[in-house]
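What follows is a single structure, written as structure tokens, with notes after it.
The values are calculated or read from the model by the stated rules, or taken from the named source; none is laboratory data. Being a predicted model, the structure only gives us computed values, none of them experimental. Quick reminder, even Gly has a Cβ in these numbers, built from the backbone with ideal geometry, and neighbours come from all protein chains shown. Note: accessible area is taken over every heavy atom of the protein model, side chains too, but ligands, DNA and RNA are not part of it. Shrake-Rupley method; radii C 1.70, N 1.55, O 1.52, S 1.80 Å.
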Amino acid sequence: MPAVVIANNGDVPEFEGRITFSVFVCVVIAACGGLMFGYDIGVSGGVTAMDDFLKKFFYQVWERKQEAHENNYCKYDNKKLQLFTSSLYIAALIASFLASKMCSKYGRKPTMQLASIFFIGGVALTTFAVNIEMLIIGRLLLGCGVGFANQAVPLFLSELAPAKIRGALNISFQLFITIGILVANIVNYVVGKIHPYGFRISLGIAGVPALLLCFGSLAIYETPTSLIERKKVEQGRAVLKKIRGVDNVDLEYDSIVHACEVASQITQPYHELMKRESRPPLVIAIVMQVFQQFTGINAIMFYAPVLFQTVGFGSDAALLSSVVTGLVNVLSTTVSVVLVDKVGRRALLLEACVQMLITQCIIGGVLMKDLKTTGTLPNGDAMVVVIMVCVFVAGFAWSWGPLGWLIPSETFPLETRTAGFSFAVSSNMLFTFVIAQAFLSTLCHLKAGIFFFFAAWIVVMGLFALFLLPETKGVPVDEMVDRVWKQHWFWKRFFNDEQVVEKKAIEMIHPHVT
């Protein structure tokens, strides 16, 4: 299956190649980084609903749960409990910038390997923690692993994949995140009945995907782009032949070499990112991450068991309900894998905005009407909430979830790719931290109004996607500037006439990369 480059003059030269078994293996192993991240998202929300965990580390929260007339919206409002979840993301924020430099200097593969080592260390500390300090330090190590993995894996997948199916292969990262969340929810449901150390089993199993990535990464290739960028030119050509399954890779090889030559002129990529012509992909990368978090998805996925307890489900039923939402998450992400390279990125994002807006408003309306400070929802209303949460998760899972990672990973030119994507990762981690740290307190104060807060953000997201987000379907990663940014009605103003003249000069020297 050839990867297609759409040229400026309307011609469609093709990079030769097919989907090889080597690419498939590399994608599956690299996507284990998503499995690590997803499992942690699922497990952190699950263990915070387990009484044994709360009694061990957050005794005041456990006592509050035992009150006869507990406040439905405030029973989990505890800064230390929120810090347990959110500390990982502040560590990931900082780690993403270090990971960016490592990606450029040493490659995507070693960065993923280091991520797995951080994660293994964090799993060991959280599993055997005897106090809150040990627990938080373990979470910080997990955060470093998440920061390194989230920096390296999407870049690895985008650079490895042929342009025609880049979206589907890149979304495997998000698919593995959703699988990780589902597995964590199932594990939480099963071990929640094992007292008093069931939560330690949940935390310890997080080491499995880390070990898969650690040892599996020994068998995968580095990306040709990374090899050529680091002057390993012949090795890069050899790897390109292996992953494309053909000997004639001259066209794609020359395109990568040219992109690397341009990138080598940039000694300060972060400084380059601040230039006017770098703003379009930088703004899109950051805004996509901010919007991804302000859909409200992590508030729901982190605290799904807590949320379902709030609306009247018992502890076991709450965990089981989160398993259902996790299954919906996985199945819906496969919809994105199938459709993203057919219908495009923008269509999925816009459809999902309508779907998520409706569901957030229904959830907020039901809770505002029938869930008072004490008491529970009627069974019918509680089921409506569960169904609407599933519909919301489905919309997110085939749109803003995977595309929030895909679009930033494919829109930067090579010279600012790792630096730019580090801003995307750090923005994601920053706002994930904000949501995780603030959600339970905000739920306590806004009550059902929190769902209308997220609904308002979804309206803003939809308008942004409609007017300012360009379509990147089928465009090779090294053609984004000319085929996407310079053609967009708004973003083209960031490119001046001198750059157009320079581009024409380059085309005369390298006509095959136009």
Q) open to solvent by less than 10 Å² (accessible area, probe 1.4 Å) and modelled with pLDDT of 90 or more: does that describe Ser409? A) no
(Q) Criterion first (over 25 Å from His258 (Cβ atoms), in contact with a helix residue (DSSP H, G or I) (Cβ under 6 Å, 6 or more places away or on another chain) and in contact (Cβ under 8 Å) with a residue 40 or more places away in the chain) does Phe431 satisfy it? (A) yes
Q) For segment 86-193, which helices (runs of 4 or more DSSP H) that fit wholly inside it have 2 or more residues that are in contact with a helix residue (DSSP H, G or I) (Cβ under 9 Å, 6 or more places away or on another chain), over 22 Å from Val330 (Cα atoms) and open to solvent by less than 10 Å² (accessible area, probe 1.4 Å)? A) 108-127, 132-160
Q | Residue ID - modelled with the lowest pLDDT, chosen from residues in segment 482-494 that are part of a helix (DSSP H, G or I) and either farther than 17 Å from Thr416 by Cα or open to solvent by 40 Å² or more (accessible area, probe 1.4 Å) (or both) | A | Arg483
Q. Which one of these does Ser217 not meet: (1) of a type in the set (Gly, Ala, Ser); (2) touching a Gly at 6+ places or on another chain (Cβ under 8 Å); (3) open to solvent by less than 10 Å² (accessible area, probe 1.4 Å)?
A. (2)
(Q) Looking for something open to solvent by 50 Å² or more (accessible area, probe 1.4 Å), part of a helix (DSSP H, G or I), modelled with pLDDT of 85 or more and among the basic types (Lys, Arg) - is there at least one such residue anywhere in segment 220-231? (A) no
Q: Could you please find all residues in segment 420-434 being buried (at least 24 other Cβ atoms within 10 Å of the Cβ) and either in contact with a His (Cβ under 9 Å, 6 or more places away or on another chain) or β-branched (Val, Ile, Thr) (or both)?
A: Val425, Thr432
Q) Just wondering, is there one or more residues in segment 187-206 that are modelled with pLDDT of 90 or more and within 20 Å of the chain's Cα centre (by Cα)? A) yes
Q. Restricting attention to segment 251-285, which residues are β-branched (Val, Ile, Thr) and open to solvent by 50 Å² or more (accessible area, probe 1.4 Å)?
A. Val262, Thr267, Val283
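What about Lys473, is it touching a helix residue (DSSP H, G or I) at 6+ places or on another chain (Cβ under 7 Å) and free of Cβ contacts under 8 Å to residues at least 60 places away in the same chain?
no
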Q.
Leu54 - would you say it is within 17 Å of Phe308 (Cβ to Cβ), within 29 Å of the chain's Cα centre (by Cα), in a helix (DSSP H, G or I) and modelled with pLDDT of 85 or more?
A. yes
Q: Of the numbered conditions (1) at pLDDT below 85; (2) open to solvent by 10 Å² or more (accessible area, probe 1.4 Å); (3) in contact with a Phe, Trp or Tyr (Cβ under 6 Å, 6 or more places away or on another chain), Trp457 fails exactly one; give the number of that condition.
A: (1)
Q: Determine which member of the set Leu367, Leu403 is surrounded by 23 or more Cβ atoms within 10 Å (Cβ to Cβ) and modelled with pLDDT under 90.
A: Leu367
Q. Residues of segment 429-454 being modelled with pLDDT of 85 or more and of a type outside the set (A, V, I, L, M), which ones?
A. Phe431, Gly449, Phe451, Phe452, Phe453, Phe454
Q) In this structure, is Lys65 modelled with pLDDT of 75 or more and among the charged types (D, E, K, R)? A) no
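Quick check on Leu203: is it touching a strand residue (DSSP E or B) at 6+ places or on another chain (Cβ under 7 Å), part of a helix (DSSP H, G or I) and in contact (Cβ under 8 Å) with a residue 24 or more places away in the chain?
When the stated conditions are applied, Leu203 does not pass them.
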Q: Please verify whether segment 73-80 includes one or more residues that are assigned to a helix (DSSP H, G or I), within 17 Å of Ala129 (Cβ to Cβ) and at pLDDT 80 or above.
A: no
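Specify the residue that is surrounded by the fewest Cβ atoms within 10 Å (Cβ to Cβ); the eligible residues are those in segment 236-250 that are of a type outside the set (Lys, Arg) and without any contact (Cβ under 8 Å) to a residue 12 or more places away in the chain.
Asp247
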